[in-house]
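A.B. asks: The structure follows.
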Amino acid sequence: MSLPVRTSAPDTTASTATSPSAAVSPASGPTPAELLDFVRRTATDTELISSLPLDPEGRTWIRLDGPAGSEAWLIGWPPGTGTGWHDHGGSHGAFATAAGALKEDSLAARLPTEGWKTLELAEGVDRERKLTAGEGRAFGRHHVHEVRNESGAEHAISVHAYFPPLPLMRRYSRTGAVLRLEHVERPEEWQ
């Protein structure tokens with residue numbers, strides 16, 4: 001089976017974007033389905049959800065204890081904010097909306113995690129979904145997406161969980177069918 005992407009010349013610096021923690025066997029921790037169950041249950045905890053301070057301009061977050069060594073976050077999304085295109089450095093995960101609504105754009109393609117700087121995406125790989133309060137989704141370790149609150153007036157709040165804990169996040173820019181690796185973030189940049 002071929003990938004529905006075409007790659008440019010390999011980027012030799014991308015191989016430094018891996019981490020030993022990304023090599024942890026998924027069998028030693030929670031599955032995507034178990035993480036989805038966790039984020040859905042946590043999203044119904046009204047006391048926790050109301051404890052998140054909301055900023056009118058920027059996203060806010062609280063780190064949570066995830067199940068079985070996973071990493072979890074409660075995130076507040078002001079109107080019009082989003083993540084931009086990114087992946088989770090080889091971790092699988094899940095997220096659920098606790099309040100408001102979030103829109104997710106994702107790629108239905110397994111992208112290589114190393115050795116490229118620019119990909120030309122084939123037609124038909126784009127997926128879009130809206131997740132309102134109580135809705136969630138799980139994803140595998142090669143998931144590339146962007147999430148945003150498209151509301152012009154209301155905050156959204158969501159719960160996210162990842163296993164293994166995020167070793168890094170790759171940030172991408174996208175112009176039409178071209179996806180370009182722009183930056184690799186390490187945990188110290190968001191914790």
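A.B. asks: From the residues Trp190, Gly152, Pro167, which one has its Cα farthest along the dipole of segment 148-191 in the positive direction, the dipole being from +1 and -1 charges on Cβ of Lys/Arg and Asp/Glu about the Cα centre?
C.D. replies: Value: Pro167.
A.B. asks: If I compute semi-axes √(5λ) of the Cα gyration tensor in Å from the structure I just sent, which labelled value in (i) 27, 19, 15; (ii) 58, 20, 14; (iii) 51, 23, 14 lines up?
C.D. replies: Computed from the coordinates, semi-axes √(5λ) of the Cα gyration tensor in Å corresponds to (i).
A.B. asks: Sort 74-84, 128-138 for me by packing, meaning the mean count of neighbouring Cβ atoms within 10 Å per residue, highest on top. Let's see the in-between values first.
C.D. replies: Values: 74-84: 18.3, 128-138: 15.0.
Going from most to least packed, we get 74-84, 128-138.
A.B. asks: Quick one: Cα centre-to-centre distance for segment 118-176 and segment 48-101, in angstrom?
C.D. replies: Their Cα centres are 11 Å away from one another.
A.B. asks: Can you compute the charge dipole magnitude of the chain about its Cα centre, using +1 on each Lys and Arg Cβ and -1 on each Asp and Glu Cβ, nothing else charged? Give it in debye, rounded to the nearest 20.
C.D. replies: On the way: 19 positive and 25 negative charges, 83 e Å.
Charge dipole, the chain, about its Cα centre: 400 debye, nearest 20.
A.B. asks: Counting just the Cα atoms, what span does segment 82-176 cover along each of its three principal axes? Round to the nearest Å and put the largest first.
C.D. replies: 39, 31, 19
A.B. asks: Could you tell me the convex hull volume per residue, in Å³, taken over the Cα atoms of segment 122-183?
C.D. replies: Values: hull volume 8.8 nm³, N = 62.
Taking the convex hull of the Cα positions in segment 122-183, it is 141 Å³ per residue.
A.B. asks: Mean separation of Cα pairs under 8 Å and 6+ residues apart, divided by the residue count of the chain: what relative contact order is that in percent? If you can, show how the numbers build up before the last one.
C.D. replies: Working: 482 pairs, mean separation 61.6, N = 191.
Computed over the chain, the figure is 32 percent.
A.B. asks: Could you give the alpha-carbon Rg of segment 80-132 over 2.2 N^0.38 Å, rounded to two decimals? Numbers along the way, then the final one.
C.D. replies: Values: Rg = 13.2 Å, N = 53, 2.2 N^0.38 = 9.9 Å.
Taking the Cα Rg and dividing by 2.2 N^0.38 Å, one obtains 1.32.
A.B. asks: Follow-up question, since we're still on this one. Can you give the angle from 0 to 90° between the axis of helix 32-43 and the longest principal axis of the chain, with both taken from C-alpha atoms, to the nearest 10?
C.D. replies: That works out to roughly 30 degrees.
We did not get these values from a lab; they are worked out from the coordinates using the rules stated. Nothing here was measured: the structure is a model prediction, and the numbers come from that model. Here Cβ is always computed from backbone atoms with ideal geometry, including for glycine, and neighbour counts include all displayed protein chains.
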